[in-house]
Amino acid sequence: MPRDDGLPPGTLVLLILRVLSTQPLHGYAIAQRIAQLSESALSVEEGSLYPALQKLLLKGWVKASSTTSDTGRAVRQYRLTPAGRKQLDIEHARYTATSRGIALVLDLA
Amino acid sequence: MMSFIAEFLRRIWYLFNRQRFEQELADEIAEHRARMPDVRRFGNELQVRERSRAVWGWNWLDTLIGDARIALRSLLRIRSVTFTALLSLIVGLTLVASTGAVVRAYSAGALPYPEPEQLHHVMYAPPGPWEPGGMSQMPWASLGDIVTHAIGASSARRMLPDNASEPVRLLRVDTGFVRGLGVRAPVGRELRDLDFANDGEAVAMLGHALWQRRFGGDTSIVGRIVRVASEEGDVVELVRIVGVLPDGFYHGRDSRDTIDLLSPLRTATRAYMVRFAHGVDPVQAEVRLSAAARTVGTNIPADWTGIRLESAHARYTEGIRPVLQSVSLASAGVLLVVVLNIAVLVMLRALRKEQEFAVRTALGASRFRLSRIIGIETALLVGVACLVSLIISRAVLSTLAPVVATQLGRPAPRGVDSVGLNDGVIVQTLIIAAVITMALGIAPLLIATRARVAAALQGNRSSTTSPAFRRARVVLLVGEVAGSLALLIGCATMVRSAFNIATIDRGFDAGDIVTARLAYPGSVFADAPSRTAYHRRLTNDAAAQRMSLAFASWPPYADAADQVIEADNGATTRAGTINASDRYFELFHIPILHGRAFNQDDRIGSTPVVVLSATLAQRLWPAGDVLGRRIRMIDVAARDSVPSAWHTVTGVVGDVRQSFADNQQADVYRSYAQYPPDRFATLYVRAEQPGIDAARQLPELVRRVEPRVTVGLIRNLRDSDRESSQTRFLTTLLSVFAITSVTLAVIGIGTVTAYTVQQRAREIAIRQALGAQAGAIVQLFVLNGAFILAAGVVLGLLLSMSGMRLLASRLYGIDVHDAPTWTVATLSLLLLGLASTWWPARRASREQNIRALTSE
């Protein structure tokens, strides 16, 4: 049974794009960064993270380059592409609109 | 759109770098797990990797490869059946691909003109009778609604004095030729309207072969002026070369008749071909053209039958068509037998695999998955067979293409090399293979989807041994037997016909005779006596070199032109007329029955003499007093023909069949010395001593006697015998087809019996235990096989009755429905079929089947 990661559905891609917009990161670091920035409110499930990263690669929103981690292992580091940056803006705007709508409904109710 | 393409390209990129990507992902996950304080929270690593891989969309490929592995293993498990099926398919597809390549090469589309189906030859009169005059004035403009182009040409021989002395073929053509046949110039330009003006410069297009041969393919020839001389060399014309004709462009009935020079014809000529507008009915066009011809025609014969049209393709393939049709039909028949045979084998395989299907179903494999595995299995089988057969066909065709052209008597319209494995043939074979795959997949699919787990696992009778499946098997086998019998009857009839042709006494012996054509430039021999003297000198010189040499106006293997013969007793008949030199009868071993052959006393000015064939002599003077009697000839093909002078009969010779179907054995031989040809002569030569190569020595012999005479078309006389060679060719092919299909049918029946015997082992054991004799058990199976054979034979005989009509034109001395041949073919198949049933049944009856009872 998948654990509860606290992520609203469809926001994983947005969060990955957002954390990669400041610096290139590898998979584990992305998960850590999201947890850290959300003050542990969100935790990315690994079962979703890696397929999501493959999707971003397929869409051309991120690029992977090989690098060596602190532990000496070869790992892939993901970097945002210009297309990814554009996508981030789109996803961000879409999320803002959605959450504003939800907030409005909740406030009125 | 762009992002879609980019995404697609990334998917492809991933496919080709899959291993690296997956390794990187594995490393990344390993790093992730190493850093996690509690690695158990990561979950199922394999599942994470699987889901990540799935994003790239290639999982179906993995499944497919997996299924292909299962299919391959399953094919290899029952090797004997797989191997037999594969071999049958390879044989069938190779036959179809090879014959398909030949048929396509001779198809209408292969003519090297645009929209060749619109081209029709115009025949102003049937061969023989004379044609109306004035046909060059046909009012083509008023026929514009049906004829878009009237095509006219006139051929002549010329010399290129600045180059080698070999004569070249000049074709003068009208504008209709250039436009109607779509003449194009790969180098330089085509002939234009201005070139046809009476005061225009003398221009010509150069034939591709001549351009390569004489000018080394040099493009700078365009614009240059070449000297073109008449054959005598007395008239020289300066001609500017404006372009080069496409490779293989020809004119006439044989693609070897290439054109060396194509120049504008500036006078009106009779059109020999027309290009129709779209949708024109040739029959109605004949009526319109005939009516138009009557308005301009002069000297129209009273019994003129009007203009006849023949499509350009039909004219090209005349005489070849029945061979091609028979071969196509036979190869389709073999393929059908092959497919039926494999269908039976595949069905048996599927039955044997019923348990496997049941296990897989029990383990959770969906019906769809099973169907896919079966589909892949069939596709693998057909695919491998298709690939192998294409490779074999390629090799076969590259070796046999020249043989096919020789056997059919004429190369394909686009040349000998066009009989090959081109794209069209490959696509056709692939389509056939795909259809076979689908057809073959049906039976196992039904079995897989109907497999009942429990019944199959318990080894009980299951759905697949139901009457429906047994009936299907019987129907397939009956079809196989029927197809094989039809092919066997066709083949046996052809073999007998070929035997008749081979053994028929033609009345002459063409063995080792070489024929050639001599061309006399006009200035070489001043008059007829000098030509005759030359013939004698050549004959004597050949004799000195131990070679017999003779001249004649008409070669064997072609029916000589008929003339009306009138005898001095008033009797008339028709007979072929041949001019023959002194040693003609000796050379061809035609026996002189009475009187003498021609000799040196027969010359221009002496009494005209003739030698008659025995049949003609008998017909004109039944009493037999022939020698010294006189005849005269009336040429039926010439207009205003008047009877010739009276000729005295000096001898009677044996009858000769010019072609094997020649029933007109009345022939008149005139003295070659009294009718010497003007420009060309055909000679025949045979070496009289072993070790002498007449074909090789002939050019030197001719050159030594008179260097200005050119010798060409040197070939073995037997090669002219097209009818026999076509028949032999067809017989050989049909034999291959028939043997293949009969072998397959016998294998099919044998395999099914063996399988049935195996299935019924328990029953046999019980019968044996109850005291049944071996004979009774054998009888059980043989009766079953006999039923299939009988049904197949009935169907096969019906098939033969309709199919054999195609062969009728190729048969000699045997009826299409020749009872003994049909009986022998049918009995042979029946015996072979019964033997193939009897063998496995007998083996089973001798074995101790008691084990079958104790096996459980």
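FYI, it's all coordinate maths here, none of it is from the lab. Because the structure is a prediction, the values reported are computed rather than measured. All Cβ positions, glycine included, derive from the backbone under ideal geometry; neighbour counts span all protein chains shown.
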If you take every residue apart from A:Ser21 with its C-beta less than 14 Å away from the C-beta of A:Ser21, what net charge results, scoring Lys and Arg +1 and Asp and Glu -1? +4
Candidates A:Gly27, A:Gly84, A:Gly47, ranked by Gaussian network fluctuation over chain A, Cα under 10 Å, top entry: A:Gly47
With each label point set 7 Å from Cα along the Cα-Cβ vector, what nm distance links B:Arg79 and B:Leu798? 4.3
Anchor A:Lys55: aspartates and glutamates whose Cα lies under 12 Å away (excluding residues fewer than 8 positions away in-chain): B:Glu7
Can you tell me the mean projection area, over all orientations, of the convex hull of chain A's alpha carbons? Units nm², please. 8.2
In chain B, if the dipole is taken from +1 on Lys/Arg beta carbons and -1 on Asp/Glu beta carbons about the Cα centre, which of B:Pro264, B:Leu9, B:Leu245 is farthest to the positive end? B:Leu9
Among B:Val187, B:Leu111, B:Phe215, whose Cα lies farthest out toward the positive end of the dipole of the range B:107-231, if unit charges sit on the beta carbon of Lys, Arg (+1) and Asp, Glu (-1)? B:Phe215
Can you give the FRET efficiency to the nearest 0.05 for B:Leu627 and B:Asp505, using r as the Cβ-Cβ distance and R₀ = 22 Å? 0.35
Angle between chain A longest axis and helix A:46-59 axis [Cα atoms, degrees, rounded to 10]: 80
Give me, ordered by chain and number, the residues 5 or more places off B:Tyr106 or on other chains with an amide H under 5 Å from its own placed amide H. none
Under 5 Å, built H, 5+ apart or other chain: amide partners of B:Thr710: B:Ala519
What number comes out for the charge environment of B:Arg224, summing +1 per Lys or Arg and -1 per Asp or Glu over other residues with Cβ under 15 Å away? 0
At q = 0.07 1/Å the base-10 log of I(q)/I(0) from the Debye formula over the alpha-carbon atoms of the protein assembly as shown is -0.88
Non-local amide H neighbours of B:Val187 (under 5 Å, H modeled in plane, Pro and chain starts lacking H): which ones? B:Val244
Please report, ordered by residue number, every helix of chain B (full DSSP H runs) that is 30 Å or longer along its axis going by C-alpha atoms and whose mean Kyte-Doolittle hydropathy reaches 0.0. B:79-105, B:321-352, B:367-408, B:423-450, B:467-503, B:722-759, B:774-803, B:819-846
About the Cα centre of the protein assembly as shown, how large is the charge dipole given +1 on each Lys and Arg Cβ and -1 on each Asp and Glu Cβ? Please answer in debye to the nearest 20. 3620
Where the Cα atoms of chain B are projected onto their three principal axes, how long is each span, largest first, in whole Å? 119, 80, 60
In degrees between 0 and 90, to the nearest 10, how far off the longest principal axis of chain A does helix A:27-37 point, with axes built from Cα atoms? 40
Of A:Ser66, A:Val19, A:Ser48, which is farthest along the charge dipole of the range A:1-94 in the positive direction, counting Lys and Arg as +1 and Asp and Glu as -1 at C-beta? A:Ser66
Quick check: Cα centre of the range B:516-538 to Cα centre of the range B:307-355, how many Å? 54
Between the range B:713-780 and the range A:53-97, what's the alpha-carbon centroid distance in Å? 69
